[in-house]
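**Student:** Starting off with a structure, shown below.
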Amino acid sequence: MIDLQTIEVGTELPTLVLPAISRTTLALFGGASGDHNPIHLDIDVARSAGLDDVFAQGMLSMAYLGRLLTGWVPQDRIRSFEVRFAAITPLYAVPTCSARVAAVDDVDGERRATLELAVTLADGSVTLTGGAVVVVD
Amino acid sequence: MAVSATAVGVVLAASTAVIERGRLRFFAEAIGETDPVYSDLDAALAAGHPDLPAPPTFLFGLKLDGPDPFGWMTDLGVDMRFVLHGSQRFEYHRAVFAGDEVTFSPRISDVYDKRGGALEFLTLETAVNRGDELVANLTETIVVRHPELEPAR
C-alpha cells in the first residue's frame, strides 16, 4: 500500500495485470454489466460487420482500471474518472492497468491527486488512456 | 445514414433502476474483483457502508437496463454493428449502494463527424439521481463507423 501522505508527482501505483480475455470473460461481463450488444458476444454478428471476431467491451477495461483505483483508495475518495478508448481489445489479450500521479493540488479544502491512467496489452499497444481525480488527504 | 445535427439537445426518456445485491456480486465476479467489500455484505457493513457499494463504473451498465437501451441510436439511423465507445467520464457526488433506486436522465449534447463523415461522434450526458440527490454525472462519446465513406487506401 502506498502511503497517501507521501505521494508526489511521478509516484506510480502498483500495476494490475489481468488474466487473458476469453469468450467467457466477455459473456459474463455482458450479462453483469448490462451491455448486451452482440458485437461483443456473437461471432456471427461480428463477421457480418466485417470483423474477424468479437472484441472486448471497452467498459470491461474501464472496470479493471476502477479496480486499480479502489484497490488504492476508498471509493468515496474518487471525484472523477474518465477514459478514452484508443484501440479495441481483442480476444486473448492480456491487459495491464497502470496509473501515475500527474499533479497534486489543494481544491475545495481537499488535497487531490490527478492520476494519468492507461491500459496496455502485452504487445505494447495502448487500449485506454484516461485520468482520475482522487482525494489523498 | 448520417445522424442529423438536429439531434443535439434532444432529451431522451428517463429510466429508473434498483441496484440489486445479486447484480453487484455478478459484476464483481465478471471483473475479477477480489475485495470482499464489493460482494460480501458483512465486509461492506464492517467497512462502514450501509450495503454493498456499486463500483465506479457500475452505473453505466445499469443505465442500459431498460427495454430498448440502444433505441435512441437506432431511432437516429445508427447501425449498432458499427458503433464503438469513444470515451466515458464519471463525476461522483454521492456513493450508491444495493437497495438504492436511481433515475437516469440522458440528453444528447453534441453530434459531429470527422474524416469526411466516415466517423460520427454522438455525446450523451446523463444525470443520475437518487430521489432529489444528484449522485453522478455520466458523459459518453459514441463513435459510429461508416466504412463505405472511408477513403480508399
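The values are calculated or read from the model by the stated rules, or taken from the named source; none is laboratory data. No experiment lies behind these values; they were computed from the predicted model shown. For neighbour counting, all protein chains shown are included, and Cβ atoms are generated from backbone atoms with ideal geometry for every residue, glycine included.
**Student:** Taking the range B:82-103 only, how many residues are within 13 Å of the chain's Cα centre (by Cα) and at the interface with chain A (Cβ under 9 Å from one of its Cβ atoms)?
**Tutor:** Matching residues across the range B:82-103 total 7.
**Student:** Something else now. Which one of B:Ile108, B:Ile31 is in contact with a helix residue (DSSP H, G or I) (Cβ under 8 Å, 6 or more places away or on another chain), β-branched (Val, Ile, Thr), surrounded by 17 or more Cβ atoms within 10 Å (Cβ to Cβ) and not assigned by TED's automatic domain parsing to the domain that holds B:Leu124?
**Tutor:** B:Ile31
**Student:** Moving to a separate point now. Name the residue that is surrounded by the fewest Cβ atoms within 10 Å (Cβ to Cβ), counting only residues in the range B:57-101 that are part of a helix (DSSP H, G or I) and among the basic types (Lys, Arg).
**Tutor:** Only one residue fits best here, namely B:Arg81.
**Student:** Right, something else. Hey, among B:Glu120, B:Glu133, B:Glu125, which residue is charged (D, E, K, R), more than 22 Å from A:Arg84 (Cα to Cα) and assigned by TED's automatic domain parsing to the domain that holds B:Gly9?
**Tutor:** B:Glu133
**Student:** From the set of residues in the range A:93-137 that are in contact with a Pro (Cβ under 8 Å, 6 or more places away or on another chain) and in a loop (DSSP other than H, G, I, E, B), which is nearest to A:Arg23 (Cα to Cα)? So that I can check it myself, show each step before the final result.
**Tutor:** Kept after step one, since they are in contact with a Pro (Cβ under 8 Å, 6 or more places away or on another chain), are these residues of the range A:93-137: A:94, A:119-121, A:127.
So of that shortlist, the ones also in a loop (DSSP other than H, G, I, E, B) come out as A:94, A:121.
Numbers: A:Val94: 13, A:Leu121: 17 Å.
For the range A:93-137, the residue satisfying everything is A:Val94.
**Student:** Let me ask something additional. Does any residue of the range A:30-40 turn out to be outside any loop (DSSP other than H, G, I, E, B), in contact with a helix residue (DSSP H, G or I) (Cβ under 9 Å, 6 or more places away or on another chain) and more than 9 Å from chain B (Cβ to nearest Cβ)?
**Tutor:** Yes, the range A:30-40 contains at least one residue that is outside any loop (DSSP other than H, G, I, E, B), in contact with a helix residue (DSSP H, G or I) (Cβ under 9 Å, 6 or more places away or on another chain) and more than 9 Å from chain B (Cβ to nearest Cβ).
**Student:** Among the residues of the range B:107-153, count how many are part of a strand (DSSP E or B) and among the basic types (Lys, Arg).
**Tutor:** Going through the range B:107-153 one residue at a time, the tally reaches 4.
**Student:** Identify, from the list B:Pro106, B:Pro55, the residue that is more than 18 Å from A:Phe85 (Cβ to Cβ), within 12 Å of chain A (Cβ to nearest Cβ), out of contact with any Cys (no Cβ under 8 Å at 6 or more places or on another chain) and not hydrophobic (A, V, I, L, M, F, W, C).
**Tutor:** B:Pro55
**Student:** A further question on this structure: Give the residue, chosen from B:Gly77, B:Gly48, that is touching a residue at least 60 places away in the same chain (Cβ under 8 Å), out of contact with any helix residue (DSSP H, G or I) (no Cβ under 6 Å at 6 or more places or on another chain) and farther than 30 Å from A:Thr24 by Cβ.
**Tutor:** Residue meeting the stated conditions: B:Gly77.
**Student:** I'd like to check something: does the range B:74-81 contain any residue that is small (Gly, Ala, Ser), more than 12 Å from chain A (Cβ to nearest Cβ) and over 16 Å from the mean Cα position of the chain (by Cα)? It would help to see each step written out before you state the result.
**Tutor:** The first filter runs over the range B:74-81 and keeps only residues small (Gly, Ala, Ser), leaving B:77.
Filter once more, so that each one left must be more than 12 Å from chain A (Cβ to nearest Cβ): B:77.
Retained after the next criterion (residues that are over 16 Å from the mean Cα position of the chain (by Cα)): B:77.
Yes - at least one qualifying residue is present in the range B:74-81.
**Student:** Right, here's the next one. Condition test on A:Ala56, is it more than 8 Å from every other protein chain (Cβ to nearest Cβ), under 29 Å from B:Gly71 (Cβ atoms) and free of Cβ contacts under 8 Å to residues at least 40 places away in the same chain?
**Tutor:** yes
**Student:** Could I ask something else about it? Regarding B:Arg21, is this residue basic (Lys, Arg) and surrounded by fewer than 18 Cβ atoms within 10 Å (Cβ to Cβ)?
**Tutor:** Answer is yes for this residue.
**Student:** Quick one: count up the residues across the range A:73-92 that are more than 7 Å from chain B (Cβ to nearest Cβ) and either in a helix (DSSP H, G or I) or surrounded by fewer than 22 Cβ atoms within 10 Å (Cβ to Cβ) (or both). Spell out how you get there, then give the answer.
**Tutor:** Of the residues in the range A:73-92, the ones more than 7 Å from chain B (Cβ to nearest Cβ) are A:73-74, A:77, A:86-92.
Narrowing further to those that are either in a helix (DSSP H, G or I) or surrounded by fewer than 22 Cβ atoms within 10 Å (Cβ to Cβ) (or both): A:73-74, A:77, A:86-88, A:90-92.
Qualifying residue count, the range A:73-92: 9.
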